[in-house]
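Each remark here refers to the structure printed beneath this line.
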Amino acid sequence: MPTSPFQVAIVGRPNVGKSALFNRLAGRRIAIVHDMPGVTRDRIAAPCTMTETPCELIDTGGICAFDKDGFSDQVTMEARIAMDSADAIVFVVDARAGINPIDQEVAGLLRKAKPNVILVMNKADSADHDITVNDFASLGFGLGLPTSAEHGRGMTELVDAIDTELSQLEAREQEDIDEVELASGLKIAVVGKPNAGKSSLINAILKDERTIVSEIAGTTRDAVDIPYVWGKEQHNLIDTAGLRKRSSMEDSVEVFSAMRSERSIRRADICLLVIDLAAGVASQDRKIARMIQDEKKPCLIIANKFDLYHPDGQKGARVAQAEEHLRKELFFLSYAPFVCVSAMKGHAIQHIFKTISRIRENAQEVIGTGPLNRMLQDAFIKNPPPEHKRHRKRLKLFYATTAVNDRYQAIPVPEYVLFVNDKHFVVESFSNYLTNVIQDKHPTDGLPIPLSFRSRSKKDRIDRGKV
């Protein structure tokens, strides 16, 4: 089987149920489903779980959409790109509404497409809607298949039709890269506030207009997974919706998009935090950075729009000034290195994956138990913890160890477990001090340093001494 599966594009006018059909065939809710026309704008890809022949589904924005935001031309372009790259096309219409003038425009577009077209009359929730089947035959793609993505009606027939189309296709010629078995790479979440340049960055990485780029904030609404091969590994770029304050969100779709972005951070192996350097770090940037820190995720800061940041100055001075600004505003994310890029111009993009590789290598260098205990004991001696105000006692360290959380596989993040007399004696300033000591003595750019304090009773210490 080729490493790249067949591709099946799902196209049609807005609000005919393309995303619902996409979710049904993918076996999980990936694309946002909403009654508002034009919710899907970018191409969203996911493997189909229902066909016998392995294939990738591509959900597209509504073709010929009349969008108040002015995205109709770009959405149509996205659908055209999907059609050009697809091996089969599922053309979705609304069985309840009947033929729409836009359906006829889409049909005219599809008749010029190279792949075979499967006509699907969606929202045919019962046999009563099947009487409209003959009406759609005038579109030129046969009688078509009545389905209901919402209720699962007609899915078997649709899956069979897709399998039939794909089985008749000849195997693609394998390119040089297909001759090498690609290892599974990283899940890389690209996060940031709206209009920071996330989609432009992904386009620059892919060297492809895969995602829609616009000056209008909030263009990307879904968390879009995009495969990308680098270093003989297939990575997964997760393009997320820009996170804004909940009070600034315009509708339920945008709130749901923000929830998707937050989940993307949790499932990522590493986060690329995109900052609009020309505008400077904003409160929302700090909020997103806190989310990354709270999830204990490896992180790389992408200082985007560097070409607009003090453009008349010397590069070295500009970089130093950018570093001072980022470290001051994102001081709690001090473990994260940064790279200055211009996504729109494609400048310095190559440094991103080189830095990710360095972060990954750092993760393999875990501190041994002996060196860790000596390091921390010295830190306690040089700067003793403050006395607890109520109990009049100080924090005491018995021993420490390093654990690697099972959640982190691609980039393991070590957790430093400190067994102490009473974890309630820990104050934030002293915890930060120990973190800085570890970072200074064992620098691991890009990796957080999570400390976990655990109380150990006198009886536990005696039992441990007997072992």
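The values are calculated or read from the model by the stated rules, or taken from the named source; none is laboratory data. Quick caveat: nothing in here was measured; it's all calculated off a predicted structure. Glycine gets a Cβ as well: all are built from the backbone with ideal geometry, and neighbour counts include every protein chain shown.
Mind checking whether some residue in the range 325-332 is crowded, with 20+ Cβ neighbours inside 10 Å and part of a helix (DSSP H, G or I)? Looking through the range 325-332, at least one residue is crowded, with 20+ Cβ neighbours inside 10 Å and part of a helix (DSSP H, G or I).
When restricted to residues that are in contact with a Ser or Thr (Cβ under 9 Å, 6 or more places away or on another chain) and either modelled with pLDDT under 90 or closer than 28 Å to Pro101 by Cβ (or both), the range 152-162 contains 5. Remark: pairs (first residue in the range 262-291, assigned by TED's automatic domain parsing to the domain that holds Asn236 and assigned to a loop (DSSP other than H, G, I, E, B); second residue surrounded by 22 or more Cβ atoms within 10 Å (Cβ to Cβ) and of a type in the set (Gly, Ala, Ser); Cβ separation under 6 Å; 6+ apart in sequence or on different chains) = Ala268/Ala189; Leu277/Ala303. For the range 336-356, the set of residues classified as over 25 Å from Pro450 (Cα atoms) and outside any helix (DSSP H, G or I) consists of Cys340, Val341, Ser342, Ala343, Met344, Lys345, Gly346, His347, Ala348, Ile349, listed by residue number.
The residues listed here are Glu179, Glu175, Glu215, Glu165; of these, the one that is at pLDDT 80 or above and among the acidic types (Asp, Glu) is Glu165.
Highlighted here are the helices (runs of 4 or more DSSP H) found entirely within the range 34-148 that include at least 1 residues which are modelled with pLDDT under 60, assigned by TED's automatic domain parsing to the domain that holds Leu158 and surrounded by 14 or more Cβ atoms within 10 Å (Cβ to Cβ): 72-85.
Pro412 fulfils the conditions (1) in a loop (DSSP other than H, G, I, E, B); (2) surrounded by fewer than 16 Cβ atoms within 10 Å (Cβ to Cβ); (3) not hydroxyl-bearing (Ser, Thr, Tyr) except for a single criterion, (2).
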